[in-house]
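FYI, it's all coordinate maths here, none of it is from the lab. Note that the coordinates shown come from a computational prediction; the quantities given were computed from them, not determined experimentally. Because the Cβ atoms are built from the backbone with ideal geometry, glycine has one as well, and the counts that use them run over all protein chains shown.
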Amino acid sequence: MLDSTPRNHSGGIAQHCGLNFMMTSRLVTGGVVIKIWRVLLCISLFAMVYISSVSSLMAGELFKVWCTEKDCGFTETIAIGPGMNFNQLGGYCRKCNKWVSIGWSWKSGTKPPVPLAKFWDPTTGKQREVYSCPNCTLPFVSVPVVQEFRYCPKCGKQILKSAQAGFYD
Ligand SMILES: [Zn+2]
Ligand SMILES: [Zn+2]
């Protein structure tokens, strides 16, 4: 009896403190959640402003691509990305032996080209699209980023290098 009273008492305090702690932590968690929501709201507002300003100042990039194999000499300047009034896609046409691109206007309502085929590429794990070359109509694979243009079309080696050569709008 003598022992059980203080034990119960201390247990009660612990329970009380535990409850207080839980309530406090719940309030703190609530505060953090509100802060996160505020941050997310700010980020989304910033992103909206940023995207709208970027879309009006959109610029494509020009790249110089060259082969590092001795005596190969392959070099090409390619344009990737949309301009202010148009969008485009491009790739290398083996038949024409050059970089080809298909453009369409943002404003005139022309629709983007329909791919001849879409397939999953097991060598990269990416979805690829094939379009008809605007010069010879043979298929070419769309290359959306310059880093994906890695194999030299002339010597076949995986040693292409690229460097940004400018912008266009
Ligand atoms: Zn072609
Ligand atoms: Zn080469």
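Tell me, what HN-Hα J-couplings in whole Hz come from the Karplus equation 6.51 cos²θ - 1.76 cosθ + 1.60 at θ = phi - 60° for each residue of the range 106-119, using x for Gly and Pro?
Couplings: 6, 8, 6, x, 5, 8, x, x, 8, x, 5, 7, 10, 8 Hz.
Would you work out the charge dipole size for the range 60-168 about its Cα centre, treating the Cβ of every Lys and Arg as +1 and the Cβ of every Asp and Glu as -1, and quote it to the nearest 20 debye? If you can, show how the numbers build up before the last one.
Working: 14 positive and 7 negative charges, 26 e Å.
The calculated dipole for the range 60-168 is roughly 120 debye.
On a full-extension model of 0.36 nm per residue, what is the gain between Val145 and Thr68, subtracting their alpha-carbon distance, rounded to one decimal in nm?
Numbers: separation 77, 0.36 × 77 = 27.72 nm, distance 1.95 nm.
Full extension from Val145 to Thr68 adds 25.8 nm.
Would you calculate the separation in nanometres between label points at Ala163 and Trp104, each defined as 7 Å from the Cα along the Cα-to-beta-carbon direction?
My value for the distance between the label points is 3.6 nm.
Over 27 Å between Cα atoms, which of Lys98/Lys161; Lys64/Lys154; Lys70/Lys126; Lys111/Lys161; Lys35/Lys126 qualify?
Details: Lys98/Lys161 16 Å; Lys64/Lys154 16 Å; Lys70/Lys126 31 Å; Lys111/Lys161 33 Å; Lys35/Lys126 38 Å.
Pairs exceeding 27 Å: Lys70/Lys126; Lys111/Lys161; Lys35/Lys126.
With θ set to phi - 60° and the Karplus curve 6.51 cos²θ - 1.76 cosθ + 1.60, what are the ³J(HN,Hα) couplings of the range 126-142 in order, to the nearest whole Hz, using x for Gly and Pro?
For the range 126-142, the Karplus-derived couplings read 10, 7, 10, 10, 10, 10, 8, 4, x, 8, 10, 6, 6, x, 9, 8, 5 Hz, x marking Gly and Pro.
From the phi angles alone, apply the Karplus equation (6.51, -1.76, 1.60; θ = phi - 60°) to the range 76-83 and give each ³J(HN,Hα) in whole Hz, x where the residue is Gly or Pro.
Here the 3J(HN,Hα) series is 8, 9, 10, 10, 10, x, x, x Hz.
In the range 60-168, how does Rg compare with the Kirkwood Rh, expressed as the Rg/Rh ratio over alpha carbon atoms? Could you put the intermediate results ahead of the total?
Values: Rg = 14.3 Å, Rh = 14.7 Å.
Using only Cα positions, Rg/Rh for the range 60-168 is 0.97.
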